[in-house]
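Comments concern the structure below.
The values are calculated or read from the model by the stated rules, or taken from the named source; none is laboratory data. Keep in mind that what you see is a predicted model, and the values were worked out from it rather than measured. All Cβ positions, glycine included, derive from the backbone under ideal geometry; neighbour counts span all protein chains shown.
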Ligand code: B12
């Protein structure tokens, strides 16, 4: 099977929630030596399609849960490969977390893993993190950058409130936001300094901000 075929099959298997074929395709790509970051990107595309099918009423909550389970298994295999592949280039302290009311963490965990692989000290507060907890940890950890994750439309108000409280506390350094649905408009609404919908460019951004 050629490269494009395999990639399309994997995206489709995830979007069709076909756990066994999806996992077998991931294993096949791992044994062919495909770049784990590219495999993660393809699985993320599959997740995007699952979201679209959920929105269209074709899938229900169980479909989202199933997709989350498939993705978690994939990350269990790929994380050690990514960790082997990447060597440190920059260092700094980054505070990350998924904002209040939102429990999506697969993307945030990828960001945390990639940042750690690039020698950043990461303090990951987990999911459903209240603005007060972010503020408390900003004081304790004194991060060079704060990263907020959120995938729900309702998370934007939580992001806005979190950023407002962090700024009121006197923190001046960059705050970046990420998550699949983020746009420039959202970034302006929540008053973030930077935004991205992809962890790899998020890491590039953090490296740039640290070295500037
Ligand atoms: C899997 C999934 C779930 C799983 C999550 C499991 C988990 N452990 O995270 C479960 C089942 C828990 C779930 C629940 C719900 N979900 Co959901 N879910 C999804 C789905 C299908 C995939 C998300 C995902 O993991 N993608 C893969 C990862 C790798 O991508 P990512 O998160 O975008 O992260 C990447 C980048 O964005 C970036 N990144 C992420 N964070 C950050 C942060 C920073 C700082 C940076 C730099 C980068 C960065 O890095 C990652 C890698 O590149 C999406 C569809 C979609 N389009 O996103 C819906 C989706 C997000 N869910 C949705 C909904 C509605 C829900 C529920 C409300 C459903 C319900 N009725 O209960 C609940 C909400 C629960 C809550 N309070 O949070 C909607 C949100 C719609 C909206 N506009 O608000 C979506 C968009 C589906 C849809 N199209 O309707 N969900």
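Which condition from (1) more than 20 Å from residue 37 (Cβ to Cβ); (2) near the ligand (Cβ under 7 Å from one of its atoms); (3) in contact with a strand residue (DSSP E or B) (Cβ under 7 Å, 6 or more places away or on another chain) is the one that residue 178 breaks?
(1)
Go through segment 181-203 and report how many residues are exposed (fewer than 15 other Cβ atoms within 10 Å of the Cβ), closer than 19 Å to residue 40 by Cα and more than 7 Å from the ligand (Cβ to nearest atom).
1
Looking at segment 113-131, can you tell me whether even one residue there is out of contact with any strand residue (DSSP E or B) (no Cβ under 6 Å at 6 or more places or on another chain), modelled with pLDDT of 95 or more and in a helix (DSSP H, G or I)?
yes
Please enumerate the residues belonging to segment 123-170 that are surrounded by fewer than 20 Cβ atoms within 10 Å (Cβ to Cβ), within 15 Å of the ligand (Cβ to nearest atom), closer than 23 Å to residue 204 by Cα and free of Cβ contacts under 8 Å to residues at least 60 places away in the same chain.
123, 125, 126
Would you mind stating whether residue 30 is at pLDDT 95 or above, away from the ligand (no atom under 14 Å from the Cβ) and within 17 Å of residue 149 (Cβ to Cβ)?
Values: at pLDDT 95 or above: yes; away from the ligand (no atom under 14 Å from the Cβ): yes; within 17 Å of residue 149 (Cβ to Cβ): no.
No; evaluated as a whole, the condition is false for this residue.
Scan segment 93-112 for residues that are near the ligand (Cβ under 7 Å from one of its atoms), over 17 Å from residue 40 (Cα atoms) and outside any loop (DSSP other than H, G, I, E, B) and report the count.
Start the filter on segment 93-112 by keeping residues that are near the ligand (Cβ under 7 Å from one of its atoms), which leaves 96, 101-108, 110-111.
Next, only the ones that are over 17 Å from residue 40 (Cα atoms) stay: 96, 101-103.
Going one step further and asking which of them are outside any loop (DSSP other than H, G, I, E, B), we end up with 96.
Looking only at that region, the number is 1.
Listed here are the residues, each with its yes/no results for (1) surrounded by 23 or more Cβ atoms within 10 Å (Cβ to Cβ); (2) touching a residue at least 40 places away in the same chain (Cβ under 8 Å).
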site	(1), (2)
84	no, no
93	no, yes
96	yes, yes
99	yes, yes
112	no, no
115	yes, yes
118	no, yes
